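Just below is one structure, and these are the notes that go with it.
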Amino acid sequence: AMEIWNYLFEHDNGVTNFHFEIAADILNEEELELLAKFRSGQVQLEIGVQTTNTTTLAEIKRTTDMDKLKDNVARLRSFQNIHLHLDLIVGLPFEDKTSFIKSFNDVYSMKPDDLQLGFLKVLSGSHMGEMVKDYGIVYESNPPYEVLSTNWISYEDVIGLKRVEEMLELYHNSGQFVHTIAFLEKQFESPYALYEAMAQFYERNGFFVQAPSRSYRYEV
């Protein structure tokens, strides 16, 4: 990464934005110091946290140092020149709704510019594809083969998280409600509780039916 980043830093055209997917916990001091020097907007980083559940991380064979990840994300945020995009995945093994809510609150507290909720895709030949029966995975029969339920999370919970995702995209990731969200966060016991309350409000008022950007009907 250092060779690539050094080249981009030395040959900046003042316009182009470069997007990198990284494991933030393995960034070293030299890399952090270089990233601090980039032009604002020259680089954006996507950090696939996936979950903060240590049992789940071990099961999917990820060796994330969560304390180091949090420290490095805080350092990157302090530079104020890099857009930070952190990802979570719904439907991983050993992660029920309660565990996912903890992961959500953990990652939200890192204050990313964009917190994306992804939904597990079960691809033929992948490890998840091989573990379908063991994990009790039910998933869409057509692309993108998204998870619908597992031994740990129900279909109803997955659909509920889809709706929370919609609220997160509209009110957090859009960057259009910064002051409003900062105020509302103080009114709820956790960040997740805020977005779930928004989703419930939308549901009660039939707003999801009107929204063209999501469909909650699946074929298995």
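Observations
- In the chain, taking the dipole from charged Cβ atoms about the Cα centre, the farthest positive-side position among A36, T51, S149 is held by S149.
- log10 of Debye I(q)/I(0), alpha-carbon scatterers only, for the chain at 0.08, 0.12, 0.16 Å⁻¹: -0.33, -0.73, -1.18
- Subtracting the Cα-Cα distance of R62 and A23 from their residue separation scaled by 0.36 nm leaves 13.0 nm.
- Dipole magnitude of region 44-102 about its Cα centre (Cβ charges: Lys, Arg +1; Asp, Glu -1), debye to nearest 20: 140
- All alpha carbon pair distances within region 62-101 were sorted into 10 Å bins beginning at 0; the resulting P(r) in whole percents reads 22, 41, 30, 6.
- Calculated [222 nm] ellipticity per residue, helices only, for the chain: -12000 deg cm²/dmol; basis is -39500 (n - 2.57) per DSSP H run with n ≥ 4, divided by all residues, nearest 500.
- Unit charges at the beta carbon, dipole of the chain: most positive-side option, L120, Y192, L76: Y192
- For region 116-215, the fraction of 1.4 Å probe accessible surface lying on carbon and sulfur atoms is 53 percent.
- Only the Cβ atoms of Lys and Arg (+1) and of Asp and Glu (-1) were treated as charged; on that basis the dipole of region 104-215 about its Cα centre amounts to roughly 160 debye.
- Electrostatic dipole magnitude of the chain [Cβ: Lys, Arg +1; Asp, Glu -1; Cα centre; debye, to 20]: 520
- Working from label points 7 Å from Cα in the Cα-to-Cβ sense, the S109 to F9 distance is 3.2 nm.
- Helix axis angle, 155-168 relative to the chain longest principal axis, alpha carbon, degrees: 40
- Hydrodynamic radius (Kirkwood) for region 1-88, which is based on Cα pairs only, to one decimal in Å: 13.7
The values are calculated or read from the model by the stated rules, or taken from the named source; none is laboratory data. Keep in mind the model is a prediction, meaning the values are calculated, not measured. When we count neighbours, we look across all protein chains shown, and the Cβ atoms used for this are built from the backbone with ideal geometry, even at glycine. Remember, those area values only see protein heavy atoms, side chains included, never the ligands or the DNA or RNA. Shrake-Rupley method; radii C 1.70, N 1.55, O 1.52, S 1.80 Å.
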